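See structure below.
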Amino acid sequence: MLTKDFYFDLPPELVAQHPPQVRGQDRLMLLDRATGQVVHHQMADLPSLIPSNALMVFNNSKVRRSRVYGIKDTTGRPTEFLFLQPVEPPVATGACCFWKTMVKNAKKQKSGHQYQFADGTVATIVENPSDTGTEFRTLAFPFPITEDWFEANGHIPLPPYIRREDTAEDSQRYQNVYATETGSAACPTAGLHFTTEMLETLDKAGIQKAWVTLHVGLGTFLPVRAERLEDHAMHYETYSISPQTAQAVNQAKAEGRPILAVGTTSVRTLESAWNQETQQLESGSKSTNIFIYPGYQFKVVDKLFTNFHTPESTLLMLVSAFAGKERIMAAYQQAVEQRYRFFSYGDAMLIL
């Protein structure tokens, strides 16, 4: 299967550059994956569309202020880094803390270059074999980097298709209201449509909720550069599932109740943690590089709440695996014709 098979034309003006004026006031497309039928709704209709016996599973990862600018020692100019994850020391140095980053103009950012950040911290690029010839660089710091450091130095990591700098509004709006576990370099954006009032409405409707954590990184947002899907290598991302969530999912499966995943990261977490031999969801913390594309047989997830995704992305491939490529592409064509808003700050889709 070819990556180009998942391309579609999208007018640039349909890419949402800002969140809706009021959180949760979004359009909602309902797609029947058995028939391909599409019905247009508003987000407020969601509780009435979900089976009352469903178990909804949310990703509660919180976005880190992971876009950080450092002044380069040789030029005095700012360099943009996206902090991905701490790594083991790749070399013997006097540093005590190392972070894998994506960096703008990576070819010009070389081992030994130093960068000063807003609070005066100085970090140095160090050799790391896994960084060679890519946009990745490893930064060495003289002390451990904490979340307070990111709060003092970092910016909200808006995706590149949002063509503006982050603002104070994004600190709240590019974050899910239920996010509690900091660690993502991008928001699990399906959750942006949910307000505390919506969550309360779901509770009153008797719809059960459960939580997983997958920290969004390269496995979610790195573009597919291979011509064939089979040649694309997903990067690992860490996830965790509590015993309570595993028990809730296993009980729902045993009772024949539907599992509704909120967002593709929830899907990837659940499908990664399923033990095919025991037919049980396993709790614990692990890493996954699962790549879901058409032909994949879902073991856990029965229904999906998601955003509208970018052309040729692994996210579009996942929803195509779930609902069928032809039906997803037809639904996306309707979304374009009906002027839905696309991507992180855009509208939503419910696939039943």
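The values are calculated or read from the model by the stated rules, or taken from the named source; none is laboratory data. Source: prediction; values computed, not measured. Reconstructed Cβ throughout: ideal geometry from the backbone, glycine too, with neighbour counts over all protein chains shown. Accessible surface areas use protein heavy atoms only, side chains included; no ligands, DNA or RNA. Shrake-Rupley method; radii C 1.70, N 1.55, O 1.52, S 1.80 Å.
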Q: Could you run through the range 299-312 and say how many residues are at negative phi, open to solvent by 10 Å² or more (accessible area, probe 1.4 Å) and not in a strand (DSSP E or B)?
A: 5
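Listed here are the residues, each with its yes/no results for (1) under 27 Å from TYR345 (Cβ atoms); (2) among the charged types (D, E, K, R).
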{"position": "VAL87", "(1), (2)": "no, no"}
{"position": "LYS104", "(1), (2)": "yes, yes"}
{"position": "GLY120", "(1), (2)": "no, no"}
{"position": "PRO160", "(1), (2)": "yes, no"}
**Q.** Search result, residues across the range 121-166 that are more than 20 Å from ASN105 (Cα to Cα), open to solvent by 30 Å² or more (accessible area, probe 1.4 Å) and polar (S, T, N, Q)
**A.** THR146
**Q.** Scope the range 313-342; condition surrounded by fewer than 19 Cβ atoms within 10 Å (Cβ to Cβ) and assigned to a loop (DSSP other than H, G, I, E, B); matching residues
**A.** GLY324, GLN338, ARG339
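Using the structure shown, decide if PHE143 is touching a strand residue (DSSP E or B) at 6+ places or on another chain (Cβ under 8 Å) and within 16 Å of GLY183 (Cα to Cα). Show your work before the answer.
On the way: touching a strand residue (DSSP E or B) at 6+ places or on another chain (Cβ under 8 Å): yes; within 16 Å of GLY183 (Cα to Cα): no.
The answer is no for PHE143.
Within the range 55-70, is even one residue free of Cβ contacts under 8 Å to residues at least 60 places away in the same chain, buried (at least 17 other Cβ atoms within 10 Å of the Cβ) and over 25 Å from GLN172 (Cβ atoms)? So that I can check it myself, show each step before the final result.
The first filter runs over the range 55-70 and keeps only residues free of Cβ contacts under 8 Å to residues at least 60 places away in the same chain, leaving 70.
Those left that are additionally buried (at least 17 other Cβ atoms within 10 Å of the Cβ): 70.
After this cut, where a residue has to be over 25 Å from GLN172 (Cβ atoms) as well, the list is 70.
Yes; the residues of the range 55-70 include at least one that is free of Cβ contacts under 8 Å to residues at least 60 places away in the same chain, buried (at least 17 other Cβ atoms within 10 Å of the Cβ) and over 25 Å from GLN172 (Cβ atoms).
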Q | Out of THR189, THR182, THR195, THR167, sole residue that is at pLDDT 95 or above and within 12 Å of the chain's Cα centre (by Cα) | A | THR189
